[in-house]
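Below are the structure tokens for one structure; questions will follow.
The values are calculated or read from the model by the stated rules, or taken from the named source; none is laboratory data. This structure is a prediction, so every number in the text was calculated from the model and none was measured. Neighbour counts are summed over all protein chains in view; Cβ atoms, including those assigned to glycine, are modelled from backbone coordinates with ideal geometry. Heads up: the accessible areas ignore ligands, DNA and RNA and are worked out on the full protein's heavy atoms, side chains in. Shrake-Rupley method; radii C 1.70, N 1.55, O 1.52, S 1.80 Å.
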Amino acid sequence: MFYEYVKNNQQWNLQINRQLEEIKENQQVKDDLQIAIPKLTNADSWYQTWFTLGETREQNGDFTLAYAYFGLAQFYLSQYDTNKKEVVHRYLDNFYRSHTEINYENYEVPYEGKYLPAIKVNIKANASKTLIIINGFDSFMEELLIAINFFQGLDYNIIFFDGPGQGRALIDNDIKFISNFEKPVSAVIDYFALDQVDVMGVSWGGYFAVRAAAYEKRIKNVICFDFFYDGLNTFLKDFSQNDQTTIRQLLKENNNVKLNQLITPLVEVNSNLNFLFTKGYENTGTNTPYALLQEIEKHTIKGIGHLVNQNVLLLAGKDDQYVPFKDLKCEQQELINAKSLETKIFTKETGGEQHCQAGRYDLALKAIQKFLLAHTD
């Protein structure tokens, strides 16, 4: 269930639901939230509140709660904040302390003179298949590791990695966000010497998975958890229709001065836009709305969907706060050459209507498991 913890702040509610997914019914968490929620008034109080709770739980040996709270504490910190790396690594350290049951191996995949952090999770001895899981715009691969229990019993081992602009690839190695994500995916496939893989993209990774499949034919099955059609559509979703039209026209005209003048004050007064643009600058290494949107508009399935000839599953939340639901039809129309195309839509009635089915991940993962079992060839 998706909980509204903070009134009239969908962005904060999504992040709290997302980090607390597996522990939100824990009584200690409920007690902690009674203390924390009233203190959340701005970015500074957000950081201080969750960091303090993380330290308290860490000291008490409650590592599952500590990693969730440190994950929340680091979320809105800039890459250039002196606290960022420390909090990120305390988040990760507590994650592994709390998940000793995961049978994993760490790897460093060579990539353009640096490396991409990767983890292979051995779910089944001598498994014949490999699923590569791709994270998105603002996540660490560890955040997705909690999903592995849903793959128990399947003939798969799973590879997670932080790609360009993601997780530790960005924080520790300063590898920036790119649109042509087939490059890091192919690097991972090569490194592990795999002949055939399936891929699952989470959030923005839904675009990366389709993009990779368009050019990397060792990929056989594609899962978009959720579908993600166009980066620019996502970034402009919260602007008025008139502003969206103007922004697109100014981009087309390469009018950086007017575009920056229009967007800057609008971003300052909208918490969701402020997050998107601030994180976007960090991910891409840009520092103006114009430069950022030039990069983001490269992230689109438009014009490449016809190159995808694999089996594809699209998941969609009807009330997704980031991805415009109307884009689903556009993506379906692009994937005209897919070997098969399945779509699963989640609504308030079914549950899972939020972005990436936040609050009901189990519904999405069951649909994914069913899809993988149906395409075993």
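With the condition kept exactly as written, say whether any residue in region 174-188 is aliphatic (A, V, I, L, M), touching a helix residue (DSSP H, G or I) at 6+ places or on another chain (Cβ under 6 Å) and open to solvent by less than 20 Å² (accessible area, probe 1.4 Å).
Yes, some residue in region 174-188 is aliphatic (A, V, I, L, M), touching a helix residue (DSSP H, G or I) at 6+ places or on another chain (Cβ under 6 Å) and open to solvent by less than 20 Å² (accessible area, probe 1.4 Å).
Does I123 fit the bill of being free of Cβ contacts under 8 Å to residues at least 40 places away in the same chain, open to solvent by less than 60 Å² (accessible area, probe 1.4 Å) and assigned to a loop (DSSP other than H, G, I, E, B)? Break it down stepwise before answering.
Values: free of Cβ contacts under 8 Å to residues at least 40 places away in the same chain: yes; open to solvent by less than 60 Å² (accessible area, probe 1.4 Å): yes; assigned to a loop (DSSP other than H, G, I, E, B): yes.
Taking the combined requirement at face value, the residue satisfies it.
Assigned to a helix (DSSP H, G or I), open to solvent by 10 Å² or more (accessible area, probe 1.4 Å) and farther than 30 Å from I159 by Cα, is that true of R248?
Considered against the rule, which asks whether it is assigned to a helix (DSSP H, G or I), open to solvent by 10 Å² or more (accessible area, probe 1.4 Å) and farther than 30 Å from I159 by Cα, R248 comes out as yes.
Going through region 1-60 one residue at a time, which ones are open to solvent by less than 90 Å² (accessible area, probe 1.4 Å), closer than 25 Å to L273 by Cβ and hydroxyl-bearing (S, T, Y)?
If the condition is that a residue be open to solvent by less than 90 Å² (accessible area, probe 1.4 Å), closer than 25 Å to L273 by Cβ and hydroxyl-bearing (S, T, Y), then Y3, Y5, S45, Y47, T49 are the ones that fit.
Every residue in region 215-235 that is within 30 Å of N270 (Cβ to Cβ) and buried (at least 24 other Cβ atoms within 10 Å of the Cβ), please. Outline the logic, then answer.
First pass over region 215-235, keeping only residues within 30 Å of N270 (Cβ to Cβ): 224-235.
Of everything in region 215-235, those that are within 30 Å of N270 (Cβ to Cβ) and buried (at least 24 other Cβ atoms within 10 Å of the Cβ) turn out to be C224, F225, D226, F227, F228, Y229.
Scan region 308-330 residue by residue and report those that are within 24 Å of R218 (Cβ to Cβ) and open to solvent by less than 60 Å² (accessible area, probe 1.4 Å). Steps first, please.
Residues of region 308-330 that are within 24 Å of R218 (Cβ to Cβ), as a first pass: 308-315.
Of everything in region 308-330, those that are within 24 Å of R218 (Cβ to Cβ) and open to solvent by less than 60 Å² (accessible area, probe 1.4 Å) turn out to be V308, Q310, N311, V312, L313, L314, L315.
Can you name the number of the only condition in (1) touching a Leu at 6+ places or on another chain (Cβ under 9 Å); (2) more than 21 Å from I146 (Cα to Cα); (3) open to solvent by less than 20 Å² (accessible area, probe 1.4 Å); (4) at pLDDT 95 or above that P110 fails?
(3)
A follow-up question, please. Among the numbered conditions (1) in contact with a helix residue (DSSP H, G or I) (Cβ under 7 Å, 6 or more places away or on another chain); (2) of a type in the set (A, V, I, L, M); (3) at pLDDT 95 or above, tell me where L276 comes up short.
With respect to (1) in contact with a helix residue (DSSP H, G or I) (Cβ under 7 Å, 6 or more places away or on another chain); (2) of a type in the set (A, V, I, L, M); (3) at pLDDT 95 or above, L276 is out only on (3).
Does region 63-86 contain at least one residue that is loosely packed, with under 15 Cβ neighbours inside 10 Å and not in a loop (DSSP other than H, G, I, E, B)?
So far as region 63-86 goes, yes, one or more of its residues are loosely packed, with under 15 Cβ neighbours inside 10 Å and not in a loop (DSSP other than H, G, I, E, B).
Then there's this: For region 259-266, state whether one or more residues are surrounded by 22 or more Cβ atoms within 10 Å (Cβ to Cβ), out of contact with any Cys (no Cβ under 8 Å at 6 or more places or on another chain) and more than 27 Å from V197 (Cα to Cα).
Yes, region 259-266 contains a residue that is surrounded by 22 or more Cβ atoms within 10 Å (Cβ to Cβ), out of contact with any Cys (no Cβ under 8 Å at 6 or more places or on another chain) and more than 27 Å from V197 (Cα to Cα).
Pull up region 307-336, narrow it to residues that are polar (S, T, N, Q) and farther than 26 Å from A358 by Cα, then point me to the one that is nearest to the chain's Cα centre (by Cα). Working first, answer last.
Going residue by residue through region 307-336, those that are polar (S, T, N, Q) are 309-311, 321, 332-333.
This time we only want the ones that are farther than 26 Å from A358 by Cα, so: 309-310, 333.
Working: N309: 24, Q310: 22, Q333: 24 Å.
Once the filter is applied, the top-ranked residue is Q310.
Same structure again: I'd like the full set of residues that are open to solvent by 10 Å² or more (accessible area, probe 1.4 Å) and either aromatic (F, W, Y) or without any contact (Cβ under 8 Å) to a residue 12 or more places away in the chain (or both), limited to region 189-214.
Selection gives D190, Y191, F192, A193.
Quick one: which residue in E353, E342, E334 is surrounded by 14 or more Cβ atoms within 10 Å (Cβ to Cβ) and either among the basic types (K, R) or closer than 30 Å to V267 by Cα (or both)?
Working: E342 fails: either among the basic types (K, R) or closer than 30 Å to V267 by Cα (or both); E334 fails: either among the basic types (K, R) or closer than 30 Å to V267 by Cα (or both).
Result of the check over E353, E342, E334: E353.
Quickly run through region 162-173 and pick out the residues that are at positive phi and touching a Lys or Arg at 6+ places or on another chain (Cβ under 8 Å).
Within region 162-173, just G165 meets the criteria.
A further question on this structure: Inspect all residues belonging to region 164-182 and state whether any of them is under 26 Å from Q321 (Cα atoms), small (G, A, S) and in a loop (DSSP other than H, G, I, E, B).
For region 164-182, residues under 26 Å from Q321 (Cα atoms), small (G, A, S) and in a loop (DSSP other than H, G, I, E, B): present.
I would also like to ask the following. Considering each of I304, I296, I368 in turn, give the residue that is within 23 Å of N221 (Cβ to Cβ), touching a Leu at 6+ places or on another chain (Cβ under 8 Å), open to solvent by less than 70 Å² (accessible area, probe 1.4 Å) and among the aliphatic types (A, V, I, L, M).
Exactly one residue qualifies, and that residue is I368.
Find the residue count for region 216-232, including only residues that are among the basic types (K, R) and either within 16 Å of the chain's Cα centre (by Cα) or closer than 13 Å to G205 by Cβ (or both).
Of the residues in that region, 0 qualify.
Moving to a separate point now. Among the listed residues T288, T347, identify the single one that is polar (S, T, N, Q), within 30 Å of Q74 (Cβ to Cβ) and open to solvent by 20 Å² or more (accessible area, probe 1.4 Å).
Numbers: T347 fails: within 30 Å of Q74 (Cβ to Cβ).
After applying the criteria, what remains is T288.
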